[in-house]
Amino acid sequence: MNATPPAPAAAAPLLEVVQLGKRFKVGSAFARGGRREVQAVDEVSFKVLPGETLGLVGESGCGKSTLARCIVRLHDCTSGALRFEGRDITHLGARAMRPIRPRLQMVFQDPYTSLNPRRRVGDLIAEPLRVHGRRSRAEVAERVRELAALVGLLPEQLSRFPHEFSGGQRQRIGIARALALEPRLIVADEPVSALDVSIQAQIVNLLAELQERLGLTYLFIAHDLSVVRQVSTRTAVMYLGSIVEIGATDTLYEQPAHPYTAALISAVPVPSVAASARRHKIVLAGDPPSPLDPPSGCRFHPRCAVATQVCRSVRPPLLGLADGRAVACHHPLV
């Protein structure tokens, strides 16, 4: 009788974010109160596995875009660590990051400002190939045509300027540019938030097709929970610079563990009038606190209906639950 083959080892994370923090100095030394610091990202930790899509959601201003820029090293991290493909890239300089950048790319939020209006589309897509000196001129031209076809652009459109395209077409150009160097991980920073709803669906479907065809991994950032549920394998919820819950998308949406997650999901519109009437919508008290002066203890406690004294004084760590997700809450809902 043959021996039972060993179980396959779990895939090593493609990206590891460990207690990552980012602070910005604001104000003037000559103003009242002097210069102060904003903790835009505060001790964030998570992993992204090869081939998955990790969705990152939260209110505007919670630090999602700052976190994205830290991950691709457009911002230097103030504290914590970043590991990509098992290598610590937290403090690598521009020269050391150069061979890593082709495998770690970003799609920006606004397709109207992320493209140079003075350059033709073919040149914009070809720029990464030329910067990294990977191919001859003929090979670059051929690769640009391949990328254009991959994202649904026509060859004759490559000689046009960005202002001649719609928002959805411009985002396709940005995606083609991100794919030029065959990345493993793409950080998509709200790639559909500036687009019409009908165009959003086209871009989301395109990203899904590219993932299946090219074996891509995504960190997909958005404030629209419906979009994130459609595209994500796992979802992380961010509040005031910190991750408050992370886990399998279906589990998190069907039975949220953190009160903030529950409030976000209760606000997602549903197509059925009857279902909408039956739903209990959670209305949060007050406004999000200022990151210049965050609350003590749990950052969410001033707006939380189940907060107690421990929430006001002790910051909850991000701890695992029995169903495999993690939540930062002294009184989880499950």
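The values are calculated or read from the model by the stated rules, or taken from the named source; none is laboratory data. Note that the structure is predicted; figures quoted are calculated from it, not measured. Cβ placement follows ideal geometry from the backbone for every residue including glycine, while neighbour counts extend to all protein chains displayed. Remember, those area values only see protein heavy atoms, side chains included, never the ligands or the DNA or RNA. Shrake-Rupley method; radii C 1.70, N 1.55, O 1.52, S 1.80 Å.
If you count, for each residue, the other Cβ atoms within 10 Å and average over each peptide, how do 241-254, 85-98, 112-125 line up from highest to lowest?
Most protected by this proxy first, the peptides run 241-254, 112-125, 85-98.
Taking a ≥ b ≥ c as the square roots of the Cα gyration tensor eigenvalues, with a/c under 1.5 meaning rounded and otherwise prolate when a/b beats b/c, else oblate, which class fits region 70-229?
Since a/c reaches 1.5 but b/c is at least a/b, the shape of region 70-229 is classed as oblate.
May I ask you to compute the full-extension gain from Ala12 to Asp76, defined as 0.36 nm times their residue separation minus their alpha-carbon distance, rounded to one decimal in nm?
Between Ala12 and Asp76, full extension yields an extra 20.6 nm.
Return the calculated 222 nm mean residue ellipticity for the chain, to the nearest 500 deg cm²/dmol, obtained by summing -39500 (n - 2.57) across DSSP H runs with n ≥ 4 and dividing by the residue count.
-8500 deg cm²/dmol
Of the DSSP beta bridges with both residues in the chain, give the percent that are antiparallel, rounding to the nearest 5.
Around 60 percent of the beta bridges assigned by DSSP in the chain are antiparallel ones.
Which of the aspartates and glutamates could a cross-linker bridge to Lys281, judged by Cα under 16 Å and excluding same-chain residues fewer than eight apart?
Straight-distance partners of Lys281: Glu254.
Taking H placed 1.01 Å from N in the peptide plane, check which residues at least 5 places from Glu52 or on another chain put their amide H under 5 Å from its amide H.
Here the answer is Tyr218, since their amide H atoms fall under 5 Å of that of Glu52.
Kindly identify region 135-198 as rounded, prolate or oblate by the Cα gyration tensor criterion: order the square roots of the eigenvalues as a ≥ b ≥ c, call it rounded if a/c is under 1.5, otherwise compare a/b with b/c, prolate if a/b is larger, else oblate.
Cα axes put region 135-198 in the oblate bin.
What is the Cα centroid distance between region 153-202 and region 301-316, reported in whole angstrom?
42 Å
Ranked from highest to lowest mean number of other Cβ atoms within 10 Å per residue, what is the order of the peptides 193-203, 312-322, 140-150?
Result, highest mean first: 140-150, 193-203, 312-322.
Per residue, what accessible area does the chain have, given a 1.4 Å probe and all protein chains present, in Å²?
Per-residue accessible area for the chain comes out at 51 Å².
Under a cut-off of 21 Å between alpha-carbon atoms, report the lysines in cross-link reach of Lys47, not counting same-chain residues fewer than 8 places apart.
Lys22, Lys64
Roughly how many percent of the accessible protein surface of the chain is carbon and sulfur, given a 1.4 Å probe and a whole-percent answer?
52 percent
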